[in-house]
Structures are given as C-alpha cells and as structure tokens.
1. Answer yes or no as to whether residue 14 is at pLDDT 95 or above, part of a helix (DSSP H, G or I) and surrounded by 14 or more Cβ atoms within 10 Å (Cβ to Cβ).
2. Would you confirm whether any residue within the stretch 76-83 is under 20 Å from residue 20 (Cα atoms) and either modelled with pLDDT of 90 or more or within 15 Å of the chain's Cα centre (by Cα) (or both)?
3. Inspect the stretch 84-99 for any residue being touching a residue at least 24 places away in the same chain (Cβ under 8 Å), outside any strand (DSSP E or B), in contact with a strand residue (DSSP E or B) (Cβ under 6 Å, 6 or more places away or on another chain) and surrounded by 12 or more Cβ atoms within 10 Å (Cβ to Cβ) and give the result as yes or no.
4. Out of the residues in the stretch 20-49 that are farther than 23 Å from residue 69 by Cβ and out of contact with any helix residue (DSSP H, G or I) (no Cβ under 6 Å at 6 or more places or on another chain), which is surrounded by the most Cβ atoms within 10 Å (Cβ to Cβ)?
5. Could you list, in sequence order, all residues of the stretch 18-64 that are under 22 Å from residue 95 (Cβ atoms), without any contact (Cβ under 8 Å) to a residue 40 or more places away in the chain and not in a loop (DSSP other than H, G, I, E, B)?
6. Count, please, the residues in the stretch 65-76 that happen to be assigned to a helix (DSSP H, G or I) and surrounded by 17 or more Cβ atoms within 10 Å (Cβ to Cβ).
7. Considering only residues that are assigned to a loop (DSSP other than H, G, I, E, B) and modelled with pLDDT under 85, look in the stretch 119-145 and name the one that is farthest from residue 95 (Cα to Cα).
8. So residue 5 fits all but one of (1) surrounded by fewer than 18 Cβ atoms within 10 Å (Cβ to Cβ); (2) in contact with a helix residue (DSSP H, G or I) (Cβ under 6 Å, 6 or more places away or on another chain); (3) closer than 24 Å to residue 115 by Cβ; what number is the exception?
C-alpha cells in the first residue's frame, strides 16, 4: 500500500490529518508532519525522513504539501531525488486527501499522481458555481417533454 505523508506550515498537516481521520477513520501508513514556527529546516528534514522510513512498505510514498516552494515541499522534493518511488504533490485539500486515501490500494503511485492533479481542478468551486449547476439541473427537470 502506498504511504501518505502530509506536511505543511504551522498545524496544517495535523489539522488535515485529524479531519480525514474523523471522516474515514484511522488509516495505515498515513502520518502528518507539521512545520511550526521555530522549527529548523534540519529538524523538519529529519522528521520527514523518519516518516518516510515508517510509511514506506515498498509501494512508494506520496508527500502531500501545502504550498509549492515552501520548506516542506522543498525537503520532500530532496527526499524524492534520494529515493525511488516518491511523488510530491502540492496544494492538497480535504477532497483530494480523502480520494487519495480511498484509492491508494488499487492504483500505483504514478496513476494517483496523475489523477490527483486532474481531480484537483474539479475540487475547487464557489457557492455561485454550485448554484449555477443546481439552476441548470432544476431547469432541465422542469422543462418536461
């Protein structure tokens, strides 16, 4: 099974981890590493490496980070250059995380990466857009034959 490591600034990672666990229950090979104010990059690197060792069971590890270019992303990228079968995805949100956790047993790491990026475009919406979808559905249903 693919290992999943959430990482990000502040309490981003544990907040998302706890919310996902509340929704779908505790998951194996799934952990969160925060990067709080005052932690050094060296400390974060050490924790990410340890998390990698703990979650990697041979099928690969997916690092999910908050923002591209930040320390969590950059340090995960360094690990991906040092080890095989690691992917790093930035901009994770709750719908994407849940989808990854539920699909990771059936898909390989490359497919998950590709589908996550594609599906990420669909998980961002607004109330206005949702109302427009509903208005279209209501109109289609009321037009009749």
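1. Answer is yes for this residue.
2. No, because not a single residue in the stretch 76-83 is under 20 Å from residue 20 (Cα atoms) and either modelled with pLDDT of 90 or more or within 15 Å of the chain's Cα centre (by Cα) (or both).
3. Yes, there is a match, as at least one residue in the stretch 84-99 is touching a residue at least 24 places away in the same chain (Cβ under 8 Å), outside any strand (DSSP E or B), in contact with a strand residue (DSSP E or B) (Cβ under 6 Å, 6 or more places away or on another chain) and surrounded by 12 or more Cβ atoms within 10 Å (Cβ to Cβ).
4. 30
5. Those that are under 22 Å from residue 95 (Cβ atoms), without any contact (Cβ under 8 Å) to a residue 40 or more places away in the chain and not in a loop (DSSP other than H, G, I, E, B): 18, 21, 22, 31, 32, 33, 34.
6. 5
7. Checking each candidate, the answer is 145.
8. So residue 5 meets the others, but not (1).
The values are calculated or read from the model by the stated rules, or taken from the named source; none is laboratory data. Fair warning: this is a prediction, and the values are worked out from it, not measured in the lab. Ideal geometry is used to build each Cβ from the backbone, glycine not excepted, and the neighbour counts take in all protein chains shown.
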